[in-house]
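Worksheet for the structure shown next.
Computed from the coordinates by the stated procedures, all read-outs in this text should not be read as laboratory data. From a predicted model like this one, the values you see are computed outputs, not experimental measurements. Here Cβ is always computed from backbone atoms with ideal geometry, including for glycine, and neighbour counts include all displayed protein chains.
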Amino acid sequence: MSVIRMKTKKIEAYGEYIRNILINRDIDCDEQWWEGLESSSEIESLINTETYKISNSLKMKIESEEKFIFLGFKQCVDRERLLKEIGDEVKHMADGYDGGLGSIHLVCFVTNMRNRIFLEKLICSEEGQKMKRRVRTITGNKRDRINCTYILDHEFKKQDIKLVNLKRYELIQMPAPRSHINWEGNETFKAGRKGYVMTVDLYQLVEIYNKVGDRLFDRNVRYGLNEQLGVDQAIKDTLENNPEQFWFKNNGVTIMVEWRDFKLDRVGEILLESLNEYGNLQFSVINGAQTITAAAEYFYGQEYELEECRLEAEKKKIRDRINGSKGAQVLLRIIHIPREEEGGAQDGSSKEVSEISVALNRQKPIKSEDIAFASPFVEKMAGYLEREQRAGRKYFKLVKRGEDSRFEHSIDLVEFARAQKACAGEPGDARSKGTNTLLSFESGLNADYHFKDTGIFAEEWMNADPSEEPLVFQKYYGAVSFAVKTSRLYEKLRPDFYFPDFKQQVVIQNGKWYFTSYLTGLFNSFHTDFLEFQDRFDLVNLCMTELMELFAKRVAELSGDYLEDEYEFNSNLFKKNEFFNYIVNEMDWTEFGDLVNDLPESGGNLLFTGPEDQSANRILALKVNRIELGTGEDEQDISVDSTAEAMVKTTEYILTNYHYTNAEIIAWCGGWLGDDRAEIDFTAGYFRGREKKIMVNGKEYWIGTSSNSKRKYDQIEELCMVVGVKHGTIRWYSKSVKKPIFEW
């Protein structure tokens, strides 16, 4: 393999590892972020290091509330320096991030199991605990622990991967042979699936894992998931104390082989593949990954202890323990489905492999999406939609996680939530909020689940009688299907776009939900309900390319007046709703209307009308950059960097200039304003590590600023009412709007 080809394949593999970690942690990422120049450069530096290299998720352009430190590790001569540099990387990330870092996840890429064990021991050591304490101090998350994931990516080496010391007469075949045992008759075994069941030494599978790394689990990607129900520890305990019982206590391992030349033509061994090229494995463990990785941790952990041990008597105990554990055996199934040749008419074998892998991994950890789907709200909606479909109406169908949602009218619950956010004019949330946030719930009476985000899950729907359901559904969810279809088509067409203009390309790359939200709003005249919405996706489909191109150009142009610093025009801009509000206010919608209204299929109807009164529909969620406090000669004109700073300055002004009692303040505003530091540390509220301290008349107060912009307005109004602030005293301004966006 050429050096360039090897480098490209390794970058792709590392990007795929990271992508799957994000997926397994319910972190959604629309963009192919690893294809960017900066991201590829960071990944390449992890791969090429001779010792170790550290990077982070900000450098990789990964957008998530949870932040990642990446460590490419081959060897280490100074343990303390390595730990210090991990802490320094967290510090650099904190310095470059506006807001709390949240949880920290350390992802370690290692080239063999010994290096993995070294890092595990180091991070659990006293020095490692000291590093963790430093990180918690930097992030402010004193209760959080650092999560660690280890990815084993072995250096390329041509080799045969095989199982040895097998007793062929014990092997069972499927379909069963018609004549002799283990004799593959042509009349029975035609091209297609074959199956073999046997017992093998568990240690052999562990050695294969050490040779090829986590690519062994390409068809069953589960790295990055936390241990569930103590299974890992139970596996290790059995290996140490009762290895002879392992076969009876374990469900076994299944290997899928897609190598076309695979066959049982050797005595006492099975060749799984002749490995020639990095990353091109044609076999994979599709069930039993946890068994193999937990066993590998145990065996190589014991061998590490043996190398580190200096007492001969203790060494003998460890050797005896290792030798005894190597007697553990496991049930192994090998399924052979030859991969179809490239250029074939269909990829039936790949589909069948995927179906088998999914079927064997039904026992997945329960996630928030699974619980949400069992909630009374979703149960009621799914039943309603099913009845409507049976009646011949073209409604969508809600499907569970793992079910096929690729069909036009099938939508899973997460996509439903994102689409509803877009319909509500909150595309930043649709893009940036994770599954756990969108579907967050709390237990109510009778153990029912109530969703926290009533903007997605409207209480009126839950309370609607059967006779009211059609009207209430249309009111809240009449545009969801349109939004889903629009976003899917956008995703399909996006790779075909390339703009020489950097800004336009950024819009196309990151603006899927912005575009979807804007188009939905235009068809609905930006009303707050969808009672009069008509789904005309058929027309959008005819001019989608032109609409996307126009949107990219106009948004790029508007950004010049919106941003003071051109470097702020990046993917982060589309993670919030603020810029979208500005677009709704300032964009000339008539050009979009012309594209749709002029189509012959529109029948000459005026389908796009835009906001009925744009000046009245301004959404007060724009970034505050200036505030005016007081009246007359006492008036203060203060520049601020954010709405949060405006809230802090305003609160400080009110507490300094008005009379009140602390008890009165805490009773009304205790969720975001407090004077007891211990109480603030103990509770979450709107503080959550983002509190700001002010000093008023020699007394300390803390202000929680983690609320959204609209809630900040409400909180200041609460304070004004409590202490009796005169109207006309407070005004907040955004650079995009001349009149005050908030005033009291």
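Taking the Cα centre of region 103-170 as origin and assigning +1 to Lys and Arg Cβ atoms and -1 to Asp and Glu Cβ atoms, the resulting dipole is close to 220 debye. Phi angles across region 301-309 convert, under the Karplus curve 6.51 cos²θ - 1.76 cosθ + 1.60 with θ = phi - 60°, into 3J(HN,Hα) values of x, 5, 5, 5, 4, 5, 5, 7, 6 Hz, Gly and Pro given as x. Listed here are the pairs K211/K326; K236/K263; K132/K315; K59/K485; K59/K693; which of them are more than 24 Å apart at the Cα? Listed pairs above 24 Å: K236/K263; K132/K315; K59/K485; K59/K693. Amide H to amide H distances under 5 Å link F109 with L71, G72, F73, I151, where only residues 5 or more positions off or on other chains count and H is placed in the peptide plane. Among S559, S45, the order by Cβ neighbours within 10 angstrom, fewest to most, reads S45, S559.
Close amide-amide hydrogen proximity is noted between F742 and W732, each under 5 Å apart and 5 or more residues distant or on a separate chain (H modeled in the peptide plane; Pro and chain starts excluded).
For L272, the amide hydrogen comes within under 5 Å of the amide hydrogens of I161, K162, L163, counting only partners 5 or more places away or on other chains and with H modelled in the peptide plane. Projecting the Cα atoms of N541, V555, N570 onto the dipole axis of region 539-596, where Lys and Arg carry +1 and Asp and Glu carry -1 at the beta carbon, places N541 farthest toward the positive end. Under the simplified labelling scheme, the Q159-S639 pair shows an inter-label distance of 6.2 nm, with each label point 7 Å from Cα along Cα→Cβ.
Note that region 252-262 has calculated 3J(HN,Hα) couplings of x, 10, 10, 10, 9, 10, 10, 5, 5, 8, 5 Hz, one per residue in order, obtained from phi through the Karplus relation 6.51 cos²θ - 1.76 cosθ + 1.60 (θ = phi - 60°); glycine and proline are x. A simple rule links phi to the HN-Hα coupling: the Karplus curve 6.51 cos²θ - 1.76 cosθ + 1.60 with θ = phi - 60°, which for region 649-662 gives 5, 5, 4, 4, 5, 5, 5, 7, 10, 10, 8, 6, 10, 4 Hz, with x for Gly and Pro.
Judged by the ratio a/c of the largest to the smallest principal axis of the C-alpha gyration tensor, region 504-596 counts as prolate, that ratio being 1.5 or greater while a/b is larger than b/c.
Taking other C-beta atoms within 10 Å as the exposure proxy, E628, E601 rank E601, E628 from fewest upward. Packing, as the average of other Cβ atoms within 10 Å across residues, places the peptides 87-93, 594-600 in the order 87-93, 594-600, highest first. Length available on full extension from E628 to H92: 0.36 nm per residue minus the Cα-Cα distance, which gives 189.5 nm. Distance between the 7 Å Cα→Cβ label points at N657 and E386: 6.1 nm.
Here K211 and S41 are evaluated by their C-beta separation; at R0 = 35 Å the FRET efficiency comes out at 0.75.
Comparing N524, V480, Y490 along the charge dipole axis of region 471-527, the residue lying farthest to the positive side is V480, per the Cβ-charge model.
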